[in-house]
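Visitor: Starting off with a structure, shown below.
Bear in mind that the values in this text are calculations on the coordinates, not laboratory data. Fair warning: this is a prediction, and the values are worked out from it, not measured in the lab. Quick reminder, even Gly has a Cβ in these numbers, built from the backbone with ideal geometry, and neighbours come from all protein chains shown.
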Amino acid sequence: MGILKDCIKNKRPDSIPIWFMRQAGRYLPEFREIRSRNPDFIKLCLNPELSKEITLQPLKRFAFDAAIIFSDILLIPFALGQEVKFEKNFGPKLGELNLEKLNQITDEVFIKNLKPVHDLLKITAKDKIIRGKDLIGFVGATWTLLVYMLNRKSPKKQSLDINMFNYPDQDFIIDKIIQSQKIHIKGQVENGATIIQIFDSWAGLLEEDKYEKYIYEPTKKIVDYVKTLGVEVICFPRGIKKYAEFCKIINPSAINIDYETDPKKIAEQINIPIQGGIDPKSLLFEEGDMIKEAKKYLDIFKNHQYIFNLGHGILPETSPDNVKALVNFVKDYK
């Protein structure tokens, strides 16, 4: 059992695991070198050997306690037959959602389409670098996947088109997403994932009167399912207005908070393990200022079960030297 899973499962406040969202990514020159030779992002995600190399790159540099697989939440829409491509300086662009085609995607076809991701986990879990550490698999939350599939691009912080909530056969799409999430999670766990994280990147776009249908109901189904597989599940409902209510209803193994959330209130309101919170921009500061910001979070959660992470993914312009200094500081924190 890795220190991350141990912290969550045994609720030990005396050890502080550390890993970063998007730790396998663009801030590392060795990743940029691979990416320059592989311009098709989806194909890169579906290349088990290269994805394994990328997944392990940060562990070769830093004393992280877990690896998170190099993959993408949009591989679920892709595996469901929706066109997904990534354009430079734009982000993801999805094709029209064809309900007839969606209905024809059987579980067997879906599994076959995502087999390279499960193969990635299988070969990564066997690598000696991962020995004694956790291997994190993940999915996008139902709501976030629905946003991408219907909006067909990142909404950023724009308001959603109200017509989205009146989309025909929406309940069928939601059920199909949930079924697909379970299948993908099962494939990840069976091939070596010791923890699953659920990314609800666009939870903050919803008004509270829509939480029940789009966040609470589907997320509870996924969290309960993950627990039946015997692994821990971390939820990241980014931007949600009621973290404490979310934890009470969903009961995840741990909760990742975003950087716009008051950590002091979280420490007072939530008694399950807490992950993250620090603004990724803090890693762009001078080393002393970065350490000062990190210490603020460590001090606030000193008597809590805490996993050091960010309040969103690490930024591409982050210096690896700053990452190394921060990891070492957290490791030495008493």
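Visitor: Please state the Cα pair-distance histogram of region 3-332 with 10 angstrom bins from zero: what percent is in each bin?
Guide: 5, 27, 37, 25, 6, 0
Visitor: Then there is this: Which residue fluctuates most in the GNM of the chain (Cα springs below 10 Å): Pro252, Pro17, Pro155?
Guide: Pro155
Visitor: Quickly estimate the mean residue ellipticity at 222 nm for the chain, helices only: each DSSP H run with n ≥ 4 gives -39500 (n - 2.57), and the total goes over all residues, rounded to 500.
Guide: -13500 deg cm²/dmol
Visitor: Enter the angle in degrees (range 0 to 90, nearest 10) between the Cα long axis of helix 142-151 and the first principal axis of the Cα atoms of the chain, meaning the one along which they spread out most.
Guide: Roughly 60 degrees between the two axes.
Visitor: Moving on to the next point. On a 0 to 90° scale, report how tilted helix 320-332 is relative to the longest principal axis of the chain, with both axes built from alpha carbons and the result rounded to the nearest 10.
Guide: Compared with the principal axis, the helix lies near 60 degrees.
Visitor: A follow-up question, please. What order, most packed first, do the peptides 31-40, 260-269, 318-327 have when packing is the mean number of other Cβ atoms within 10 Å of each residue? Mind dumping the intermediate values first?
Guide: Values: 31-40: 12.4, 260-269: 15.0, 318-327: 17.1.
Order by mean packing, descending: 318-327, 260-269, 31-40.
Visitor: Test of the criteria: in region 104-170, which trypsin sites (Lys or Arg not before Pro) are in a DSSP loop and have at most 12 other Cβ atoms within 10 angstrom of their Cβ? If you can, show how the numbers build up before the last one.
Guide: Numbers: sites: Lys112, Lys122, Lys126, Lys128, Arg131, Lys133, Arg152, Lys153, Lys156, Lys157; in loops: Lys126, Arg131, Lys133, Arg152, Lys156, Lys157.
Answer by residue number: Lys126, Arg131, Lys156, Lys157.
Visitor: Separate question: Starting at the first residue of region 136-141, write each ³J(HN,Hα) from the Karplus equation 6.51 cos²θ - 1.76 cosθ + 1.60 with θ = phi - 60°, in whole Hz, x for Gly and Pro.
Guide: In residue order, the calculated couplings are 9, x, 7, 9, x, 5 Hz.
Visitor: Additional query: For each of Cys235, Cys7, count neighbouring Cβ atoms within 10 Å of the residue's Cβ, then give the residues from fewest to most.
Guide: Numbers: Cys235 30, Cys7 25.
The fewest-first ordering by Cβ neighbours comes to Cys7, Cys235.
Visitor: Report the Cα centroid-to-centroid distance between region 145-209 and region 31-108 in angstrom, as an integer.
Guide: About 16 Å separates the Cα centre of region 145-209 from the one of region 31-108.
Visitor: So what are the ³J(HN,Hα) numbers for region 297-305, from phi and the Karplus equation (6.51, -1.76, 1.60; θ = phi - 60°), rounded to whole Hz, Gly and Pro as x?
Guide: After applying 6.51 cos²θ - 1.76 cosθ + 1.60, I find 5, 5, 5, 4, 9, 4, 9, 10, 6 Hz.
Visitor: Please give, to one decimal in nm, the separation of the simple spin-label points placed at Ala63 and Lys292, each 7 Å out from Cα toward the Cβ.
Guide: Here the answer is 2.5 nm between the modelled labels.
Visitor: Could you tell me which GluC sites (Glu not before Pro) in region 121-227 are loop residues by DSSP with no more than 14 other beta carbons within 10 angstrom of their beta carbon?
Guide: Values: sites: Glu190, Glu207, Glu208, Glu212; in loops: Glu207.
Answer in residue order: Glu207.
Visitor: Here is a further query. What is the distance, in nm, between label points placed 7 Å from the Cα along the Cα-to-Cβ direction at Asp224 and at Ser319?
Guide: 5.0
Visitor: Right, another one. Pull up the cross-link candidates among the aspartates and glutamates for Lys281, meaning alpha carbon to alpha carbon under 17 Å and not fewer than 8 places away within one chain.
Guide: The qualifying aspartates and glutamates are Asp258, Glu260, Asp262, Asp289, Glu293, Glu317, Asp321.
Visitor: As a quick test, which of the pairs Lys156/Lys241; Lys128/Lys221; Lys52/Lys324; Lys126/Lys186; Lys85/Lys156; Lys115/Lys156 have an alpha carbon distance above 28 angstrom in this structure? Could you put the intermediate results ahead of the total?
Guide: On the way: Lys156/Lys241 17 Å; Lys128/Lys221 34 Å; Lys52/Lys324 21 Å; Lys126/Lys186 18 Å; Lys85/Lys156 17 Å; Lys115/Lys156 30 Å.
Distance filter (> 28 Å) returns Lys128/Lys221; Lys115/Lys156.
Visitor: Something else now. Cross-link candidates for Lys101: which aspartates and glutamates have Cα within less than 19 Å, leaving aside residues fewer than 8 places away along the same chain?
Guide: Within the straight-line limit of under 19 Å, Lys101 reaches these aspartates and glutamates: Glu83, Asp169, Asp171, Asp175.
Visitor: Right, next: Testing the spin-label approximation: label points 7 Å from Cα along Cα→Cβ at Glu207 and Tyr333. State their distance in nm.
Guide: Modelled inter-label distance: 3.9 nm.
Visitor: Report the net charge of residues surrounding Arg35, where surrounding means a beta-carbon distance below 12 angstrom and charges are Lys +1, Arg +1, Asp -1, Glu -1. Walk me through the numbers on the way to the answer.
Guide: On the way: positive: Arg26, Arg32, Arg37, Lys43, Lys88; negative: Glu30, Glu33, Asp40, Glu53.
So the environment of Arg35 carries a net charge of +1.
Visitor: Pairing the Cα long axis of helix 170-190 with the longest principal axis of the chain, what angle in degrees results, from 0 to 90 and rounded to the nearest 10?
Guide: So the inclination is approximately 50 degrees.
Visitor: Starting at the first residue of region 258-272, write each ³J(HN,Hα) from the Karplus equation 6.51 cos²θ - 1.76 cosθ + 1.60 with θ = phi - 60°, in whole Hz, x for Gly and Pro.
Guide: Taking θ as phi minus 60°, the curve returns 8, 7, 9, 9, 6, x, 5, 5, 4, 4, 7, 9, 10, 10, 8 Hz for region 258-272.
Visitor: Starting with the fewest neighbours, write out Glu245, Glu232 ranked by other beta-carbon atoms found within 10 Å of each beta-carbon.
Guide: On the way: Glu245 14, Glu232 22.
Lowest to highest Cβ neighbour count: Glu245, Glu232.
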